[in-house]
Amino acid sequence: MASVVVDHAATARPKVLIPEKVSPDGLRILEASLDVHERKGLTPEELIQVIGDYDALIVRSETKVTAEVLEAGKKLRVVARAGVGVDNVDLNAATKLGIIVVNSPQGNINAAAEHTIALLMATARNIGAATLSIKNSKWERSKFVGVEVKGKTLAIIGLGKVGLTVARAASGLGMELIAYDPYANPSLAAAANVELFPTIDELFIQADFLTIHTPMIASTKGLIGTPELSKMKPTARILNVARGGIIDETALLAALENGSIAGAGIDVFTSEPPQAGDSASKLIAHPNVVATPHLGASTIEAQENVSLDVCNQVLSILSGQLPRSAVNAPIILPEEYRTLQPFVILLEKMGSLFTQHFSSSNNAQQLRTTFDLTYEGSLATCNTTKPLFAALVKGLLQPITSAETTNINIVNAEIVAKERGILINESRSRESLDQEGYAASVTLRARLDPRSPSASRGLTAAPTKSERVKRVADQIITGFVSNNTPYISRLGRYSTSFIPTGTMLICKNYDEPGKIGVVGGRLGKAGVNIRSMSVAPIDSHADGDAVQNGKENEALMILSVDRAVDEDVRKSLLGDDGVVEASVVVL
Ligand SMILES: NC(=O)c1ccc[n+]([C@@H]2O[C@H](COP(=O)([O-])OP(=O)(O)OC[C@H]3O[C@@H](n4cnc5c(N)ncnc54)[C@H](O)[C@@H]3O)[C@@H](O)[C@H]2O)c1
Ligand SMILES: O=C(O)[C@H](O)COP(=O)(O)O
């Protein structure tokens, strides 16, 4: 058994870069544990120059988080989008680099919906043009006669979170609601008084007002062009608070100019900010257009919501916990989050314990191992175990690598494991754990792998069945969670119960009088205090052979100590008057 010395010297506080205006409510909660640098107005080149210093980046829609930025972010673990849309973040590059991208999919829904209603009313009553006129000292009452929305048909394309919120508000204004969304929930639509249409065409024909609330994806880019606009009533008005490019700006300008529609309320543009002479700026200049500079989410309340949401997620990720809304990772339901979170900690500890306790000095080679990971009890019914898998890979590699491992997460764990030659077979056992006093447990079992330990030790013959059985019996860790605290209940052939935390000394010995005193004395001499100690006997269910062979007095002594145990101190514990094996693990 080898000890692995891990340097746990205090590291600098993680740094977070915020190159845009993000509400201070969230930033305040970061300041307690992170160095928060607000640096507005960085050019793309400057961003690439400085990003290498940062562990986290928080942006809104203005910062282009390109592959170059992400690659330059050598320490970057999370990009947080304080809002919904992540079209300004190169998700593929982030995923490849193991950088988690999180967003806040709920925080600004109401703001976007209210802004849509504001543009709806503004286009109906010519608010923009009338304001401009009166500010120019004119009094043009007859020029700005509007229309009422009550009794009019509002056609909604995309009946998701914002679309439904708009529908509910418009229903309160007395509007008739129709929608097209092939993936909409019909009962939610019905509850909001929305008639769902199976095809989009009828919406163009019937709409007095048409509003778009889809994401900007391949199927929605240019969704509304000249053919669609030409089907609309000449009195119709169109709104876009979703994304620039869903309506073809050139086609919209032409439709306004030739009178095939009456007006438009636009918050989002193909290029932001629009450049002089481009299609967006020509559209904005049209007198029948009410335009806002991407203000859909710009309310104090929404900015507070998204800021708190993503800052909490940044904190979670930097402290090794699960993010709530990772965009480039499987979504974890809130109830699953509660179940999985303590097991994520447990799995990381089990992986780290495995490497430190069982590995030889040739660690990287040793880890080319096949593992069986078995989830028992309530964990067996979880929809996803990906975070647990990732936590295990992270734990296995943590003691032997540095920067690379800190970047292991649910996004890249499978790739990293594959690269390292670690194979993990996950399985579920639905056997009840009622007798055990806890609801779920996990067992990690190393399988003898023809590629690895034997070969690395220079054994040429194939392992015998008994060798295989022995290895399997030797290299097992079982853990469970009780009151949100992780416990190890089996370590190798020994049945135990300890909390895997801090520096631990694990000694194998024959349970004879005086051994504990020897270990305590030698540690004391080296200035190492024992915080707690437990003795783990051989698990007779797991290793009947050992019991039969008269080795039942073999036991593990597991000590939690208050400081690092140096290699010479560890060695001083070995010997006839001491213990048979000793490993130091830092968990
Ligand atoms: N202007 C702003 O500041 C602002 C603020 C918030 C959200 N948004 C944007 O609003 C849009 C909607 O956001 P959300 O939170 O409601 O998203 P969402 O995912 O909840 O809803 C989108 C809906 O569009 C539907 N959809 C997808 N493809 C479609 C298609 N081809 N035809 C019809 N429907 C389709 C989906 O089924 C889904 O129901 C997004 O583009 C988002 O980025 C803008
Ligand atoms: O996607 C979003 O959340 C909105 O478009 C808001 O973008 P913003 O944070 O840049 O205002």
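Each reported figure results from applying straightforward, stated rules to the coordinates on display, with no laboratory input. Owing to the predicted nature of the structure, the values given are computational and were not obtained by experimental measurement. All Cβ positions, even for glycine, are placed from backbone atoms using ideal geometry, and neighbour counts span all protein chains on display.
Between the C-alpha center of the range 101-136 and that of the range 143-191 there is a gap of 15 Å. Computed from backbone phi, the HN-Hα couplings of the range 575-587 come to x, 4, 8, x, 10, 7, 9, 8, 10, 10, 10, 10, 10 Hz, rounded to whole numbers (Karplus: 6.51 cos²θ - 1.76 cosθ + 1.60, θ = phi - 60°; Gly and Pro given as x). Among R522, R570, R430, a tally of other beta-carbon atoms within 10 Å of each Cβ gives an order, fewest to most, of R430, R522, R570.
Would you mind checking the range 147-164 for residues with the amide N under 18 Å from a putative spin-label position 7 Å along Cα→C-beta of T299? Under cut-off, by backbone N: 160-164.
Close amide H contacts of E426 (hydrogens built in the peptide plane, cut-off under 5 Å, sequence separation of 5 or more or a different chain): L373.
Summing charges over all other residues whose Cβ lies under 13 Å from the Cβ of A179, with Lys and Arg as +1 and Asp and Glu as -1, gives -3. With a threshold of 30 Å on the Cα-Cα distance, the over-threshold entries among K161/K221; K418/K571; K40/K418; K386/K571; K74/K386; K75/K418 are K418/K571; K40/K418; K386/K571.
Residues whose amide H comes within less than 5 Å of that of T153, counting only those at least five positions distant or on another chain, are E176, D208, F209 (H built at 1.01 Å from N in the peptide plane).
Only beta bridges with both residues in the chain are counted; by DSSP, about 50 percent of them are antiparallel.
Across the chain, the longest run free of exposed loop sites, meaning chymotrypsin sites (Phe, Trp or Tyr not before Pro) lying outside DSSP classes H, G, I, E and B with no more than 14 other Cβ atoms within 10 Å, spans 184-587. Gain on full extension, evaluated as 0.36 nm per residue between Q321 and N92 minus their Cα-Cα distance, stands at 80.2 nm. Distance between the modelled labels on E195 and I29, one decimal in nanometres: 4.5 nm (7 Å Cα→Cβ projection). By the compact-protein rule of thumb, 2.2 N^0.38 Å, the alpha-carbon radius of gyration of the range 109-291 corresponds to a ratio of 0.98.
Using a cutoff of 8 angstrom between alpha carbon atoms and counting only pairs six or more residues apart, the relative contact order for the chain works out to 13 percent. At a temperature of 25 °C and a viscosity of 0.890 mPa s, determine how fast the chain diffuses translationally according to Stokes-Einstein, using the Kirkwood radius over alpha-carbon pairs as Rh; express D in µm²/s, rounded to the nearest whole number. It comes out at roughly 88 µm²/s.
Annotation: amide H-H contacts under 5 Å for S325 (H modelled 1.01 Å from N, sequence separation of 5 or more, or interchain): N103.
Applying 0.36 nm per residue to the separation of E148 and E46 and subtracting their alpha-carbon distance, the gain on full extension is 31.7 nm. Between T226 and K74, the simple label model (points 7 Å from Cα in the Cβ direction) yields a spacing of 5.4 nm.
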